[in-house]
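To keep things clear, I will list the structure first and then write my remarks on it.
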Amino acid sequence: MTDMTLGPIARPARGGPLAVERPPRPSALSNALVFGWRAVLKFRHVPEQLFDLVMTPIMFTLLFTFVFGGALAGSPGEYLQFFLPGILVQTVIFNSVYSGVGLCTDLQKGLFDRFRSLPIWSLAPFAGLMVGDLLRHGIAGGIILAIGLLLGYRPEAGLPGVLGAFLLLFAVGFGVGWVFLVIGLLVRTPMTVMTFGFTFIFPLVFASNIMVDPGTMPGWLEAFVRANPVSHVTTALRGLLSGTATAGQVGLALIAPAVLTLLLAPVVLALYRKK
Amino acid sequence: MAQGHDLAIQARGMIKTFGTTRAVAGIDLDVPRGMIFAILGPNGAGKTTLLRMLATLLRPDGGEARVMGRDLRADPDGVREVISMTGQFASLDEDLTGRENLRLLARLWGFRGLAARDRADSLLAAFDLSDAGDKQVKDYSGGMRRRLDIAASLVVTPGVLFLDEPTTGLDPTARAGVWSLIKGLAQGGVTILLTTQYLEEADQLAGRIAVIDHGRKIAEGTSRELKRQAGSGMLRVTPALGSELDRAAAVLGRALGAAVHRSAEGADLSVPVADAVEANWALSALVEEGIEIGDFRMGQPSLEEVFFALTGRPGAQAGEAQA
Ligand SMILES: Nc1ncnc2c1ncn2[C@@H]1O[C@H](COP(=O)(O)OP(=O)(O)OP(=O)(O)O)[C@@H](O)[C@H]1O
Ligand SMILES: [Mg+2]
């Protein structure tokens, strides 16, 4: 580095190339959109993350369908029909962990310090995280669905059913996302966010009706599984994809995301402002 | 004494406590506009905490401050409009390219589309990063990262630029580069408040230096004034035999009744002396004890010796982080 390259910086106030007219302050919406753009850029630069997002659900789908499918539902084909909506739910819930991990990483690296010292809408960075989440859920869900279709899965409700199912998945991802944002703000390392996240998720995902019909379980567990919000979501999603969903099922499925959002969004904002 | 409106930063009684740790225990600061002002202190002194409070990132537990005339408590958003902060650790998005990082910030400041792109490009050019602009930041060297981080603070020209340990971890060339960059900015009228553990850095750059330790300001002044505080002159002695360093230190201490400072490399002793007579007396005490003197000099104290005189502990050595 020589003085020549530094020359222009020397006189920012007096009209060197580095001096600029300050643009007018942008709107909160514009700030939020910029963070959304950041999420898209990140996705473009780290396409490997797709691998993380879809490998586990793909393995689950293949294993369960071909290894257990026959035993659980009579034939792999029939089981896939039952299991695929569930694996979509599982994928979205597992992938919600990533927004917490991403937030924790940004906080740890000091990136949020920079954002917080800017005169911008203070919650704009979260809008970016949400956009990132939606992208992840949409892309991962799309891939799993495509693989399901290849293996012979058929959503009886057709395209409208699929669209409805994805809207529900987005709502679930949005709701569950708050849990991990809270964790991301509270713990220090991204690894811990992962560990915490999965500890919390595993019982909910496995003690649900995603993999098997709870009718075969011991009474106490069956009661838990029937009350588990993950089961409600899975039931509603199956209904949406097969065209048999009732408004009651969908409403029940939306309770948990709504409650999580109402409860945790203020917590996230308070923790963030306090940081 | 500078008037309030000539001050870029005016802070009174700043306090921040973490649990039982008093990170900053009541610091006053007056930084005139356009000056490079250095906060010098060892690890854990409270430098980062003080800077983060002034940059609106941490709410002070006590005290008040005005930055470019704007009140930190009442108008933090107003303060954010006139400051930029380059933190101790690079605050960049490692996954994005350098150009994208700058474009992101330019857009957050309100540059639109092409204007944001132009802004990013001219910053990259000015910081000698044009060629690396399309590389992801995670592939940058420490020096490139630091330059990009500082560039990111100049998307709009701030009134006050906070730099937290801007050269820690850089090699001497990169450090010199950052120094000339900081000087250039100050010439352009930007007030700079920087922290450092390197006495040499404060000496080189700063118009004024505040020395802090355990959350308190223990001295403030120009480099020359601080040096005067440590005594009018220093006697530096290098015993011929390294093994006699301890004994020599003891003899000097007894002869002059003053604390003897050992240079970080360990070969030199230095001790404040009033005049040549005192120096002579000290040297003859060494000779009397049969300690052979390899070399001796009289001179002004270095900032490191100043720090030792002020705190009773050795200061960090410039260059330590390169090891
Ligand atoms: N978030 C925090 N929570 C608890 N303690 C903290 C926190 N931040 C700083 N401290 C404590 O406050 C004191 C001052 O820390 P600070 O980071 O301001 O020091 P520093 O002078 O910047 O040190 P360094 O040269 O190592 O960067 C230290 O004792 C530190 O442990
Ligand atoms: Mg620090």
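Consider segment B:40-71 and keep the residues that are over 30 Å from residue B:306 (Cα atoms) and in contact with a Ser or Thr (Cβ under 7 Å, 6 or more places away or on another chain). The one that is nearest to ligand 1 (Cβ to nearest atom) is B:58.
Given the criteria in contact (Cβ under 8 Å) with a residue 40 or more places away in the chain, of a type in the set (A, V, I, L, M) and over 19 Å from residue B:212 (Cα atoms), does residue B:67 qualify? For residue B:67, the condition - in contact (Cβ under 8 Å) with a residue 40 or more places away in the chain, of a type in the set (A, V, I, L, M) and over 19 Å from residue B:212 (Cα atoms) - is met.
Of the residues making up segment B:58-81, those that are part of a strand (DSSP E or B) and β-branched (Val, Ile, Thr) number 1.
Yes/no per residue for (1) surrounded by fewer than 21 Cβ atoms within 10 Å (Cβ to Cβ); (2) more than 16 Å from ligand 1 (Cβ to nearest atom); (3) assigned by TED's automatic domain parsing to the domain that holds residue B:199; (4) assigned to a loop (DSSP other than H, G, I, E, B):
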{"residue": "B:118", "(1), (2), (3), (4)": "yes, yes, yes, no"}
{"residue": "B:121", "(1), (2), (3), (4)": "yes, yes, yes, no"}
{"residue": "B:131", "(1), (2), (3), (4)": "yes, yes, yes, no"}
{"residue": "B:148", "(1), (2), (3), (4)": "no, yes, yes, no"}
{"residue": "B:161", "(1), (2), (3), (4)": "no, yes, yes, no"}
{"residue": "B:169", "(1), (2), (3), (4)": "yes, no, yes, yes"}
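When segment B:174-216 is filtered for residues that are β-branched (Val, Ile, Thr) and within 16 Å of ligand 2 (Cβ to nearest atom), the ones remaining, listed by number, are B:195, B:196, B:211, B:212.
Checked against (1) small (Gly, Ala, Ser); (2) open to solvent by less than 10 Å² (accessible area, probe 1.4 Å); (3) within 9 Å of chain A (Cβ to nearest Cβ), residue B:45 meets all criteria but (3). Filtering B:11, B:23, B:45, B:38 for residues that are part of a loop (DSSP other than H, G, I, E, B) and either hydrophobic (A, V, I, L, M, F, W, C) or not assigned by TED's automatic domain parsing to the domain that holds residue B:87 (or both) leaves a single hit, B:45. Of the residues examined, residue B:180 is not one that is facing chain A (nearest Cβ under 9 Å) and within 16 Å of ligand 1 (Cβ to nearest atom). Scanning segment A:17-54 for residues that are touching a Pro at 6+ places or on another chain (Cβ under 7 Å) and small (Gly, Ala, Ser) yields a total of 1.
Residue count for segment B:94-114, restricted to those that are within 7 Å of chain A (Cβ to nearest Cβ) and either assigned to a helix (DSSP H, G or I) or of a type in the set (Val, Ile, Thr) (or both): 5. All of A:172, A:162, A:179 fail the test of being surrounded by fewer than 21 Cβ atoms within 10 Å (Cβ to Cβ) and touching a residue at least 40 places away in the same chain (Cβ under 8 Å), apart from A:162. The set of residues from segment A:234-275 being over 20 Å from residue A:125 (Cα atoms), among the hydroxyl-bearing types (Ser, Thr, Tyr) and assigned to a helix (DSSP H, G or I) comprises A:234, A:235, A:242. Within segment B:11-42, the set of residues being within 16 Å of ligand 2 (Cβ to nearest atom) and within 14 Å of chain A (Cβ to nearest Cβ) comprises B:16, B:18. Checking each residue in segment A:111-143 for being of a type in the set (D, E, K, R) and more than 13 Å from residue B:57 (Cβ to Cβ) picks out A:133, A:136.
Scanning segment B:53-82 for residues being within 11 Å of chain A (Cβ to nearest Cβ) and loosely packed, with under 15 Cβ neighbours inside 10 Å gives a total of 2.
Only helices (runs of 4 or more DSSP H) whose full extent lies in segment B:172-257 are considered here, and the ones with at least 2 residues that are open to solvent by less than 60 Å² (accessible area, probe 1.4 Å) and among the small types (Gly, Ala, Ser) are B:172-187, B:245-256. In segment A:1-45, of all residues being of a type in the set (Val, Ile, Thr) and modelled with pLDDT under 90, the one that is surrounded by the fewest Cβ atoms within 10 Å (Cβ to Cβ) corresponds to A:2.
Pairing residues of segment A:39-50 that are more than 7 Å from every other protein chain (Cβ to nearest Cβ) with residues that are open to solvent by 30 Å² or more (accessible area, probe 1.4 Å), at Cβ distances under 7 Å and at least 6 apart in sequence or on separate chains, gives A:39/A:131; A:39/A:135; A:40/A:135; A:43/A:135; A:50/A:139. When every residue of segment B:91-106 is checked against the conditions, at least one turns out to be at pLDDT below 90 and within 16 Å of ligand 2 (Cβ to nearest atom).
Here segment B:133-146 is the region considered, the condition is being part of a helix (DSSP H, G or I) and surrounded by 17 or more Cβ atoms within 10 Å (Cβ to Cβ), and the residue that is nearest to the other protein chains (Cβ to nearest Cβ) is B:143.
The values are calculated or read from the model by the stated rules, or taken from the named source; none is laboratory data. Keep in mind that this is a model prediction, so the values were computed, not measured. Here the Cβ is made from the backbone with ideal geometry for all residues, glycine too, and neighbour counts use every protein chain on show. All accessible areas refer to the heavy atoms of the entire protein, side chains included, with ligands and DNA or RNA removed. Shrake-Rupley method; radii C 1.70, N 1.55, O 1.52, S 1.80 Å.
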